[in-house]
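These notes concern the structure reproduced below.
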Amino acid sequence: MAEVKLVGISKIYQGTEKAVNSVDINVRDKEFVVLVGPSGCGKSTTLRMIAGLEEVTEGELYIDDKRVNDVAPKNRDIAMVFQNYALYPHMTVYDNMAFGLKLRKYSKDEIKKRVDHAAAILGIEELLNRKPKELSGGQRQRVAVGRAIVRKPKVFLFDEPLSNLDAKLRVQMRTEISKLHQTLGATMIYVTHDQTEAMTMGDRIVIMKDGFIQQIDSPLNIYNNPVNKFVAGFIGSPAMNFVEGEIDNNGSLSFVSQNGDFKIDLGERYGHLKEFTGKKVSLGIRPENINDSAFNDGTIGIEVNVKLEVIEPMGNEMFIYFKLAGEQCIGRVSPDFKGNSGEEVKIFLDLKRIHFFDQTSGEAIQ
Ligand code: ADP
């Protein structure tokens with residue numbers, strides 16, 4: 001069992017505003033939870049408080065129902081993997097992995113058993129006698145993970161572990177860490193600024209901004225039902241398109257863009273927007289919900305004429321750039337899309353997949 005519970009956790013660095021603000025997170029046993037958000041939102045600070053590397057200013061931190069606010073890092077039964085690997089340069093891979101166990105006075109046999117086992121899981125048996133400088137970035141990262149595995153900790157913490165790797169290796173290591181999570185059946189908390197890592201690795205994602213939690217949910221729930229405009233724009237690549245405008249109920253309930261160029265009838269589906277009549281809202285639509293013909297389920301969608309600015313063939317799909325009501329937008333259409341930059345084309349917006357946000361609060365209008 002390894003649950004981690006953060007109750008009203010805040011961090012104030014001396015002379016600064018709250019870096020982390022009253023955060024509540026309940027990480028379940030064997031869960032993979034990803035903390036994600038832009039740089040400076042407080043993810044690392046949160047992780048470092050769990051590890052015991054930063055003091056908790058306010059709130060309670062529990063590991064398996066034991067309050068650990070005042071427990072020293074080495075007694076928390078947690079292992080952390082850092083972005084810069086933090087390997088000892090003068091030691092071999094074997095000794096790097098064995099070091100923590102030696103300090104804890106494990107027997108030589110037990111240490112060998114654990115290091116060999118971890119090396120086998122990570123496929124680094126051949127590297128045990130090398131020094132870190134004789135390893136590639138990906139291999140170093142594996143050693144850093146290996147050093148955590150041998151400890152058999154209750155909880156693994158990862159602080160941007162893949163940031164120093166090139167794009168291809170990052171994708172590969174992402175899968176390896178996900179597999180490792182399944183193999184070890186351990187509780188893992190993972191910090192990243194990369195929304196793709198969060199989406200692909202997390203059982204649940206915690207999205208943070210300015211020290212506050214914005215939303216905690218499964219990747220798909222967050223993708224489909226973002227609670228506010230920030231989350232909607234942060235998760236998804238290319239990002240969700242936004243058009244600013246107002247709800248109008250003159251004759252029929254509709255959304256009218258700020259510049260008046262673009263108007264859609266909202267009909268029954270968005271009837272709940274009636275109470276926002278006269279209010280400013282943002283309309284959000286994801287690039288894949290813009291198409292050049294009918295959608296998969298046969299719906300045609302809302303037809304709009306736009307002028308193509310740029311087209312980017314990606315092989316399996318095509319990105320099209322255009323302005324909608326004066327706002328820069330991206331559509332993700334089929335590779336057979338016919339149209340050249342500078343041309344006027346018809347595109348369709350999937351009316352079922354439109355999001356609305358209150359412009360003042362940024363909150364989603366459900
Ligand atoms: P993230 O990991 O999301 O990039 P951090 O947790 O590192 O963000 O930082 C959150 C906020 O706390 C930032 O505003 C950062 O400048 C501040 N901060 C981080 N570490 C310290 C520190 N040791 N002293 C003062 N402020 C810090």
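Structure summary
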quantity	calculated
Residues of segment 1-16 satisfying the condition of being in contact (Cβ under 8 Å) with a residue 40 or more places away in the chain, within 14 Å of the ligand (Cβ to nearest atom) and open to solvent by 10 Å² or more (accessible area, probe 1.4 Å)	Lys11, Ile12
Filtered residues of segment 19-42 (kept if under 20 Å from Val56 (Cα atoms), surrounded by fewer than 18 Cβ atoms within 10 Å (Cβ to Cβ) and within 11 Å of the ligand (Cβ to nearest atom))	Gly40
Some residue of segment 84-98 being modelled with pLDDT under 95, within 28 Å of the chain's Cα centre (by Cα) and within 16 Å of the ligand (Cβ to nearest atom)	yes
Spans of helices (runs of 4 or more DSSP H) in segment 171-253 with at least 2 residues within 16 Å of the ligand (Cβ to nearest atom), over 23 Å from Leu283 (Cβ atoms) and touching a strand residue (DSSP E or B) at 6+ places or on another chain (Cβ under 8 Å)	195-201
Cross-chain or 6+ apart pairs with Cβ under 8 Å, segment 192-209 first and free of Cβ contacts under 8 Å to residues at least 40 places away in the same chain, then small (Gly, Ala, Ser) and assigned to a helix (DSSP H, G or I)	Thr200/Ser178
Hey, Leu53 open to solvent by 40 Å² or more (accessible area, probe 1.4 Å) and hydrophobic (A, V, I, L, M, F, W, C) or not	yes
Condition broken by Asp166, with the remaining ones in (1) over 12 Å from the mean Cα position of the chain (by Cα); (2) surrounded by 18 or more Cβ atoms within 10 Å (Cβ to Cβ); (3) over 20 Å from Glu363 (Cβ atoms) satisfied	(2)
Residue that is most open to solvent (accessible area, probe 1.4 Å) [pool: residues in segment 64-81 that are in a strand (DSSP E or B) and in contact (Cβ under 8 Å) with a residue 12 or more places away in the chain]	Met80
Subset of segment 311-366 that is hydrophobic (A, V, I, L, M, F, W, C) and without any contact (Cβ under 8 Å) to a residue 40 or more places away in the chain - its residue that is surrounded by the fewest Cβ atoms within 10 Å (Cβ to Cβ)	Met314
Residue match in segment 146-161 (condition: under 27 Å from Phe234 (Cβ atoms) and not in a strand (DSSP E or B))	yes
Residues of segment 192-210 satisfying the condition of being of a type outside the set (S, T, N, Q) and surrounded by 21 or more Cβ atoms within 10 Å (Cβ to Cβ)	Glu197, Ala198, Met201, Gly202, Ile205, Val206, Ile207, Met208
Answer residue from segment 82-128, given it is of a type in the set (A, V, I, L, M, F, W, C) and outside any helix (DSSP H, G or I) and is most open to solvent (accessible area, probe 1.4 Å) among those	Phe82
Which listed residue is aromatic (Phe, Trp, Tyr), within 24 Å of Gln214 (Cβ to Cβ) and over 28 Å from the mean Cα position of the chain (by Cα), from Phe357, Phe276	Phe276
Residue that is open to solvent by less than 50 Å² (accessible area, probe 1.4 Å) and either modelled with pLDDT under 95 or more than 21 Å from Val191 (Cα to Cα) (or both), where the choices are Asn249, Asn291, Asn224, Asn305	Asn291
Segment 226-282: number of residues that are basic (Lys, Arg), free of Cβ contacts under 8 Å to residues at least 40 places away in the same chain and touching a Ser or Thr at 6+ places or on another chain (Cβ under 9 Å)	1
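The values are calculated or read from the model by the stated rules, or taken from the named source; none is laboratory data. The structure displayed is predicted, hence computed values, not measured ones. Reconstructed Cβ throughout: ideal geometry from the backbone, glycine too, with neighbour counts over all protein chains shown. With ligands, DNA and RNA removed, areas are computed over all heavy atoms of the protein, side chains included. Shrake-Rupley method; radii C 1.70, N 1.55, O 1.52, S 1.80 Å.
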